[in-house]
1. Considering only C-alpha atoms, what is the centroid distance from segment A:211-255 to segment B:24-88, in Å?
2. Every other copy gets compared here: list the nm distances from the residue B:295 label point (7 Å along Cα to Cβ) to its counterparts, shortest first, one decimal.
3. Name the shape class, rounded, prolate or oblate, that the alpha-carbon gyration tensor gives for chain A, where a ≥ b ≥ c are the square roots of its eigenvalues, rounded holds for a/c under 1.5, and otherwise prolate holds if a/b is larger than b/c and oblate otherwise.
4. Taking the highest mean first, how do the peptides A:358-365, A:35-42 order by number of other beta carbon atoms within 10 angstrom per residue?
5. Dividing the Cα radius of gyration by the Kirkwood radius, what Rg/Rh value follows for the protein assembly as shown?
6. In peptide A:401-412, how many Cβ atoms from other protein chains are near each Cβ within 10 Å, on average?
7. Does segment B:262-391 come out rounded, prolate or oblate, given a ≥ b ≥ c as the square roots of the eigenvalues of its C-alpha gyration tensor, rounded meaning a/c under 1.5 and, failing that, prolate meaning a/b above b/c?
8. Using alpha-carbon pairs under 8 Å, 6+ residues apart, how would you state the relative contact order of chain A in percent?
């Protein structure tokens, strides 16, 4: 059996933290005398109280550290349980429990699919709460993927393990310094983004909220029309810059600021992301321009914004790109899976996995022709071991398996195949919009059935934690001594 | 550079062989004075002449053997070029060259998608030619996958390499004995199937044609309505038995007849196939019965026939299962990829790959929890090496990559996303029907554009040869000395 007390302590800390994050939205709605005040007070009480109980139950006198099993369990439970508390404020604007869970899961996973409508007239505290959920969730995933994941050796993240700490089984102790640096970068990017949005015409409230949603690559807006509400190409370009910033490896930012000041462009993954977005946007702009007689510069602007939005897994929509034709629909479905860089706020497969995969495929084909030839694969400056190659293949299969199983569940609830497949795809990659009239960029998840909403919410959390923390919980070996 | 002469000689033999196979259909149409006679004569002349030229060009005095590169090239070219000759007779019933190529590729890959309509009134020679294409293609793929593929070490087929010949680079020399045994089994199954069909009411001509299409898991019918034409549940059950027989490992049949007579049921892959078909059919029968108020026994019969038809990659349709609801549509899309056993006439992922994958996944998850634990994976009585595990993962990725790229091509030609994705899925798995009104079980590929038909035809050939013979041709290493 796994020792539960350190897990309880971590969960307690998380619950209390999320409770305290509800204070700013509460202040907003208190000031505006909105009907949500009581719900925020209740939510704070519930999460702080539960957190305190967890900590008391966990006893004291122990270190704060987690071993592998405990890290898996704490991560999985944290993301599954936080939405239960985070959901409470949404009850105050008429949402059901399941709607509240969906919206909160969508927030902390930085997915950005919404079941709420009438955002433009909603209490500001609720809007701020949605943005904060994404913002905190975005910080959380960067911290987890930089500090914890490399030690769990899942999905190939072990490639990014710092050599000096290779042999440690104790995970959290050395992470605090890194966590602080990530926080600085995150705050800096968010502030710069808000300034940019404000400068080009957003109100201060809109600018702050959209900045949080942008840098977290979340995609919640304060308007039902999402980014299309602003009708400003300047704002769209600001959005493009900071969506991509949110999708870049934060460790590279830290190296730039802290270390010798080498430009982030030196990072092979960052280059790959920018190149990929540019290439896909160009192809879509040209086909859209030719097929639908759209002026080419406008087509480029629309393509860059929406491709960047999907590939960085943000999910802001400036237009319904489904109208660009069948090729665009197919392309948007495929790029939904791609994602951005490791150690960013983005979801999806991630650029480094695709880059390593391409090298692995090339080496494999060469070996098929000349079985005696053995080629060492390197990524950036590091040697890619076979354990990393296998971990990446395992990640892809886990993603595919999740996509298939959750899609069948959604079909079972009565949704058509394309809606189901794209809703699961966007959820596991934490993107936001899917395809079709319901879950597409101009649709809303509100009309889905309750079981469908829960399936999609779980898919978001599965994808956010990159599957293995959940698959591992399903093996008997996890629960044995 | 690769030495081309042995490749030319093999191709020459194949072209001449296919030319001779056109003689029986020619005889039928000669007898009936059908307008296709001239086309058959021309096709025979063209393929025998081209074959003879190839053999003359290849010189003489050498052995008939192929090395790895030559085996890859001969396989790929053989399947790409044969449809050029096989297409000619179809020009005699008004098909275009592209339609003829599509129909022939669909035949020799045992896919069974058709662009022809009005089958019920077509010259019998043409119908027989379609059946023969599948029948010969089915035999060819069993021979290749049992004799050649294990030596090319692709897709995990090396697992089935006979130990005694492990070190040989010469591929064809020892295969003739095995090829003869496969031929006996294939003839025996086809004869038994034709008898079964005749006994339960088909005409002799229909019985023979459908028997060839069944055992080859091809799916061409002599009627536009496919199996629904016969409206006979007895015939459907005969079909189920022999579709599954076509999807079983032929080596297991040979062991049964030749060796100690151990029942085929002992084969772990055969058991897996039957169990999978039964499980999926049961789930679909129950949901269809509940949702659409279908009587349960009828629902079971319909589900077993259509699930067996798709999983064995035959593709006969007895009804439009898309009317069973969204869950059925999603399920049929997913099982399109599954396929049957290695060394059968079926396409798809294949049961043994999924069985090994499940074991690999379990061992991987166990290792994530306890990194020190190393577990040896066995399949049937054999130890599964890491090369086999990686080859299977590589196969899946090659399939996924092909599915994505070909789907985007189809979307580009203007087809909607679900039609494109399912048309490619059925093509690479050599199934036959896709989803939607055009390529679905009650549709016809005739109305597709020429580029779309070519994309689907190439997808069939890619999938039939399990991708790697083509991917390898694209690497520079293949063309270097």
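FYI, it's all coordinate maths here, none of it is from the lab. Because the structure is a prediction, the values reported are computed rather than measured. Here the Cβ is made from the backbone with ideal geometry for all residues, glycine too, and neighbour counts use every protein chain on show.
1. 60
2. Once sorted, the set of distances for residue B:295 reads 6.7 nm.
3. Because its axes are fairly even, with a/c under 1.5, chain A counts as rounded.
4. So the order, starting with the most tightly packed, is A:35-42, A:358-365.
5. With Rg and the Kirkwood Rh in hand, the quotient comes to 1.00.
6. 3
7. It comes out prolate by the Cα gyration axes.
8. Normalised by residue count, the contact order of chain A is 18 percent.
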